[in-house]
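Written below as structure tokens is the structure these notes are about.
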Amino acid sequence: ALKDGLCSQVSAALKEGRVTPTELCQRCLALVKSTKFLNAYITVAEETALKQAEESEERYKRGQPLGILDGIPIAVKDNFNTAGIETTCASNMLKGYISPYNATVVQKLLDHGAVLLGKTNLDEFAMGSGSTDGVFGPVRNPWSYSKQYKEKSVPKSHSEEESDWVITGGSSGGSAAAVSSFTCFAALGSDTGGSTRNPAAHCGVVGLKPTYGLISRHGLIPLVNSMDVPGILTRCVDDAAVLLGSLAGHDPKDSTTIQDDFKPFELPNLTDVSKLSIGIPKEYHAPGLSSEILALWSKAADLFKNAGAKVVEVSLPHTRYSIVCYHVLCTAEVASNMARFDGLEYGHRSDMKDSTESMYAATRREGFNDVVRGRILSGNYFLLKQ
Amino acid sequence: LAPWIPVVGLEIHAQISSNSKLFSGSQVQFAAPPNSLVSFFDASLPGTLPVLNRRCVEAAVMTGLALNCSINKKSLFDRKHYFYADLPAGYQITQQRVPIAVNGSLSYSLCIDNKMSQMVTKTVRIKQIQLEQDSGKSLHDDTRCQTLVDLNRAGVGLMEVVMEPDMCCGEEAAAAVRELQLILQTLGSSQAVMAEGQLRVDANVSVHHPGEPYGVRTEVKNINSIRFLAKAVDYEIQRQIEELENGGTILNETRAFDSKLGCTVPMRDKEGKQDYRFMPEPNLPPLILYDTKSLPANMNHQQVINIDWIQERLPDLPSVKREKLVEQYGILPEHSFTLLNEDGLAEFFESVVKQTQMKPKKVIGWILNDLLSYLKQHSLTVKESPVSSILLADLLNLLEKKEISSTAAKRVLAELWKGEGKTPLEIVKEQKLELLQDQKELEQICQAVIDGQENEVIMMVLG
């Protein structure tokens, strides 16, 4: 149940005065500082976070907290617009860009009293699955510094040890690392082709990709408009439910959100799984799957089976076409969405002044990394008639 | 020499008359300070999304119905990509695959000769009407090697009306556009004032010999008035004929009309043939419209558009208004055209008719010959007329009651134009223009004249 989640426990502690929002915020900020080597954060909004914590404290003193999330420190992936706080998408194109508006999901979190610690690192413009290709450098998986990992690796020289770390996965690697390293209780990521679920798996946290249309994309700088969703990263499933409950619902500013009223829900304590039917797609047993993953997959299936659920093999016959289709659709929309970055209205503008065309070309060459440029070229190729 | 058949089609962009833009809430206003009507979405700030303006859809439906189109109950939005300084997103949102209205027609009339004594009705097919965004404006400052960009107009709603190549000359094109303009103004879906850029016309022109396939067509842009439209089209037809008769070929190109020189010139090459890389607009679901039959029972009336509801509330179109004028007042069809062609003239005419005993058939002469020609001479609109309908009605009443002659009436009218605030009766008294009805008085005056001119009278009698 929701009351078992970490957020609920913290919320209870805040209500009872066992800890204050300001203390909580300060501790998290200190942890952010001491885990700087993870490179999970691009921007730390220390001043505004402390101010938000202060305001939360006032509300708790008056006995009027805004909800479970009031005073809870959270982080937001740096492809969400945050008014007054830099939004870079880990790209030279938007270095220094201060958006004048909040993404709807950011606004909702703030309206619930959450404390925004900062913006997290990602692959440039969310293009990638490692969080290694951003302009601010790669994100390091906190588990790189775990006992298990250290024990596995051969003793090395100090400099080799420094560079011996594993990736977070991506593209929401910064958010996953931030949650995994305890610097915040929840983080927003984005998911188009796995960008929330992938880093969640790598960093050992819960990653939820909500169904398209459930949560507003207004203010999420798009990769693929027809597939993007804001993603939720937490340390337990109940917290993910809390976040989903506070973010879901129709947004008039996003015409692709479902019109129906969102009905808030509570996660039941699932003790009886006998009515549950679990399908295992046979095509997912693909060539190249590591034995470790296969074993874990089987283990999970066995867990459900032994608990009484029905576990059956299913077929998703078009699986082998999915990645190809994804690439075509994704690059086509990327080519389209990136067309607005021309240096005219905002963002980086090249010094090249010979003509509008040359200014555009230089700006885009200077502002985008190879991955972004590669996808734009592919996408335009697919969109061309001839 | 084998005869040539000119073929003319038109692409017309009409700015939708609405408070806010097609996909954002910023205001629509002519001649506002630069970049003062630009929302985050209009400026293409990353993360912003389009939200469809209901009023713009209604305007397009009204226009489609008035042009006898089928309204597509499901239409789609697409992105049309090209890079230009006045297109912040790098693409325009338009309707390329399935537009909102298709397969309509527009009837318009032409006079056979210049005297407007015989009118003939023609029809042009409307291929489609689509909703799309307008672009911003860019001004090239060559002296300082810079381009100034004003995004006030970026995102304003447009209806693109595509007329099939059913026209054959400048006069037909002009008449068709004039009629469309009147229809749009009557509906209120667009103010359609060409001078303010609310109505823009591009012409597609080609020529061919009878029995042969259509020739290569050129597109003519930069046409700023209906008069120039006729000139541009006729010039281009002539140019093509001359070119072909001299053994040349016609290039499939875009040409601009130069109003000073009265000719078309090739436009600066816009990167040859453009591939617009069309793609569905993923942020907008299909546009669904309903009629009374398909309207779901418990649908919120505010959330949907009912085509039948709009149809029922369409005002009288110009063609209907003209018929009514002819029927009600017994005027000629040509007269009804002139009345509707001039903003406010029909209302003025009806107002005069109400206030005078003179028959409408006689009033119309005064309206069309005297009033209108004076207004034209002084470049005034009906609204700006120094002679109000009341004054004219008073004057016509004096004439009708035979208190003055028609010559005298014309003199009074000339005096009224001065706008000095005198009534017709005052002017008549001032200038002693009263018709003398008394037979004896008349005889006395004539006798006095004859008495005073004895020599001339003798000369006349002698022949």
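The values are calculated or read from the model by the stated rules, or taken from the named source; none is laboratory data. Model, not experiment: these values are computed from the prediction. Ideal geometry is used to build each Cβ from the backbone, glycine not excepted, and the neighbour counts take in all protein chains shown.
Restricting attention to the range A:113-166, which residues are buried (at least 18 other Cβ atoms within 10 Å of the Cβ) and either more than 30 Å from A:A103 (Cβ to Cβ) or of a type in the set (D, E) (or both)?
A:D123, A:E124, A:D133, A:W165
What are the residues in the range B:165-194 that are part of a loop (DSSP other than H, G, I, E, B), surrounded by fewer than 22 Cβ atoms within 10 Å (Cβ to Cβ) and not aliphatic (A, V, I, L, M), if any?
Of everything in the range B:165-194, those that are part of a loop (DSSP other than H, G, I, E, B), surrounded by fewer than 22 Cβ atoms within 10 Å (Cβ to Cβ) and not aliphatic (A, V, I, L, M) turn out to be B:C168, B:C169, B:G188, B:Q191.
Just one of (1) of a type in the set (G, A, S); (2) under 28 Å from A:V242 (Cα atoms); (3) out of contact with any strand residue (DSSP E or B) (no Cβ under 9 Å at 6 or more places or on another chain); (4) surrounded by fewer than 11 Cβ atoms within 10 Å (Cβ to Cβ) trips up A:A295, so point out which.
Failed condition: (2).
Yes/no per residue for (1) in contact with a Cys (Cβ under 9 Å, 6 or more places away or on another chain); (2) free of Cβ contacts under 8 Å to residues at least 12 places away in the same chain; (3) under 23 Å from A:D228 (Cα atoms):
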position: A:V314; (1), (2), (3): no, no, no
position: A:Y321; (1), (2), (3): no, yes, yes
position: A:V328; (1), (2), (3): no, no, yes
position: A:T331; (1), (2), (3): no, no, yes
position: A:N337; (1), (2), (3): no, no, yes
position: A:E345; (1), (2), (3): no, yes, no
position: A:M352; (1), (2), (3): no, yes, no
position: A:A361; (1), (2), (3): no, yes, no
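If you scan the range B:20-66, which residues turn out to be touching a strand residue (DSSP E or B) at 6+ places or on another chain (Cβ under 8 Å), of a type outside the set (S, T, N, Q), within 14 Å of chain A (Cβ to nearest Cβ) and assigned to a loop (DSSP other than H, G, I, E, B)?
Once the filter is applied, which keeps residues that are touching a strand residue (DSSP E or B) at 6+ places or on another chain (Cβ under 8 Å), of a type outside the set (S, T, N, Q), within 14 Å of chain A (Cβ to nearest Cβ) and assigned to a loop (DSSP other than H, G, I, E, B), the range B:20-66 yields B:L22, B:F23, B:P34, B:G47, B:P50, B:L52.
For the range A:126-148, enumerate the residues that are aliphatic (A, V, I, L, M) and outside any helix (DSSP H, G or I).
A:M127, A:V135, A:V139
Among the residues of the range B:80-115, write down those that are of a type in the set (K, R) and either farther than 30 Å from B:Y290 by Cβ or surrounded by fewer than 16 Cβ atoms within 10 Å (Cβ to Cβ) (or both).
Listed by number, the residues that qualify are B:R97, B:K115.
One line per residue, one yes/no per condition, for (1) assigned to a loop (DSSP other than H, G, I, E, B); (2) small (G, A, S); (3) outside the structural domain of A:V105 (by the TED database):
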{"residue": "A:K150", "(1), (2), (3)": "no, no, no"}
{"residue": "A:A176", "(1), (2), (3)": "no, yes, no"}
{"residue": "A:A187", "(1), (2), (3)": "no, yes, no"}
{"residue": "A:A200", "(1), (2), (3)": "no, yes, no"}
{"residue": "A:G207", "(1), (2), (3)": "no, yes, no"}
{"residue": "A:T211", "(1), (2), (3)": "yes, no, no"}
{"residue": "A:L223", "(1), (2), (3)": "yes, no, no"}
{"residue": "A:A240", "(1), (2), (3)": "no, yes, no"}
{"residue": "A:P252", "(1), (2), (3)": "yes, no, yes"}
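Out of the residues in the range A:59-97 that are away from chain B (no Cβ under 11 Å) and in a strand (DSSP E or B), state the one that is surrounded by the fewest Cβ atoms within 10 Å (Cβ to Cβ).
Among those residues, the one meeting the criterion is A:E86.
Which of the residues that make up the range A:360-386 are closer than 20 Å to B:Q274 by Cα, within 29 Å of the chain's Cα centre (by Cα) and either surrounded by fewer than 18 Cβ atoms within 10 Å (Cβ to Cβ) or away from chain B (no Cβ under 13 Å) (or both)?
A:L377, A:S378, A:F382
Hey, any hits in the range A:227-237 for a residue that's away from chain B (no Cβ under 13 Å) and among the basic types (K, R)?
Scanning the range A:227-237 turns up at least one residue that is away from chain B (no Cβ under 13 Å) and among the basic types (K, R).
Kindly check whether there is at least one residue in the range B:322-330 that is within 14 Å of chain A (Cβ to nearest Cβ), outside any loop (DSSP other than H, G, I, E, B) and either surrounded by 11 or more Cβ atoms within 10 Å (Cβ to Cβ) or within 28 Å of the chain's Cα centre (by Cα) (or both).
Scanning the range B:322-330, I find no residue that is within 14 Å of chain A (Cβ to nearest Cβ), outside any loop (DSSP other than H, G, I, E, B) and either surrounded by 11 or more Cβ atoms within 10 Å (Cβ to Cβ) or within 28 Å of the chain's Cα centre (by Cα) (or both), so the answer is no.
Looking for something of a type in the set (A, V, I, L, M, F, W, C), under 30 Å from B:D234 (Cβ atoms), touching a strand residue (DSSP E or B) at 6+ places or on another chain (Cβ under 8 Å) and part of a strand (DSSP E or B) - is there at least one such residue anywhere in the range B:140-157?
no
With respect to B:E347, is the statement that it is modelled with pLDDT under 85 and under 38 Å from the mean Cα position of the chain (by Cα) true?
Against the criterion (modelled with pLDDT under 85 and under 38 Å from the mean Cα position of the chain (by Cα)), B:E347 does not qualify.
Can you name the number of the only condition in (1) within 11 Å of chain B (Cβ to nearest Cβ); (2) within 28 Å of the chain's Cα centre (by Cα); (3) free of Cβ contacts under 8 Å to residues at least 40 places away in the same chain that A:E357 fails?
Unmet for A:E357, out of (1) within 11 Å of chain B (Cβ to nearest Cβ); (2) within 28 Å of the chain's Cα centre (by Cα); (3) free of Cβ contacts under 8 Å to residues at least 40 places away in the same chain: (2).
Pick out the one residue from B:E426, B:E400 that is among the acidic types (D, E), surrounded by 12 or more Cβ atoms within 10 Å (Cβ to Cβ), farther than 21 Å from B:V353 by Cα and modelled with pLDDT of 85 or more.
Answer to the check: B:E426.
Return the only residue of B:L340, B:L314, B:L284 being outside any helix (DSSP H, G or I) and under 28 Å from the mean Cα position of the chain (by Cα).
B:L314
With A:S163, A:S175 as the choices, which residue is closer than 30 Å to A:N369 by Cα, touching a residue at least 40 places away in the same chain (Cβ under 8 Å) and out of contact with any Asp or Glu (no Cβ under 6 Å at 6 or more places or on another chain)?
Of A:S163, A:S175, the one residue that is closer than 30 Å to A:N369 by Cα, touching a residue at least 40 places away in the same chain (Cβ under 8 Å) and out of contact with any Asp or Glu (no Cβ under 6 Å at 6 or more places or on another chain) is A:S175.
Please indicate, with yes or no, whether at least one residue in the range B:28-41 is buried (at least 20 other Cβ atoms within 10 Å of the Cβ) and closer than 19 Å to B:S189 by Cβ.
Yes, the range B:28-41 contains a residue that is buried (at least 20 other Cβ atoms within 10 Å of the Cβ) and closer than 19 Å to B:S189 by Cβ.
Looking at (1) buried (at least 23 other Cβ atoms within 10 Å of the Cβ); (2) within 28 Å of B:A175 (Cα to Cα), find the lone condition where B:F77 falls short.
Failed condition: (2).
From the list B:D150, B:D78, B:D142, B:D86, which residue is touching a residue at least 24 places away in the same chain (Cβ under 8 Å), over 30 Å from A:K385 (Cα atoms) and within 14 Å of chain A (Cβ to nearest Cβ)?
So the residue among B:D150, B:D78, B:D142, B:D86 that is touching a residue at least 24 places away in the same chain (Cβ under 8 Å), over 30 Å from A:K385 (Cα atoms) and within 14 Å of chain A (Cβ to nearest Cβ) is B:D150.
Go over the candidates B:Q128, B:Q118 one by one and state the one that is in the same structural domain as B:S44 (by the TED database), farther than 24 Å from B:Y290 by Cα and not hydrophobic (A, V, I, L, M, F, W, C).
Answer to the check: B:Q118.
So which of B:T338, B:T381, B:T407, B:T356 ends up being out of contact with any Lys or Arg (no Cβ under 7 Å at 6 or more places or on another chain) and in contact (Cβ under 8 Å) with a residue 60 or more places away in the chain?
Within the list B:T338, B:T381, B:T407, B:T356, the selection yields B:T338.
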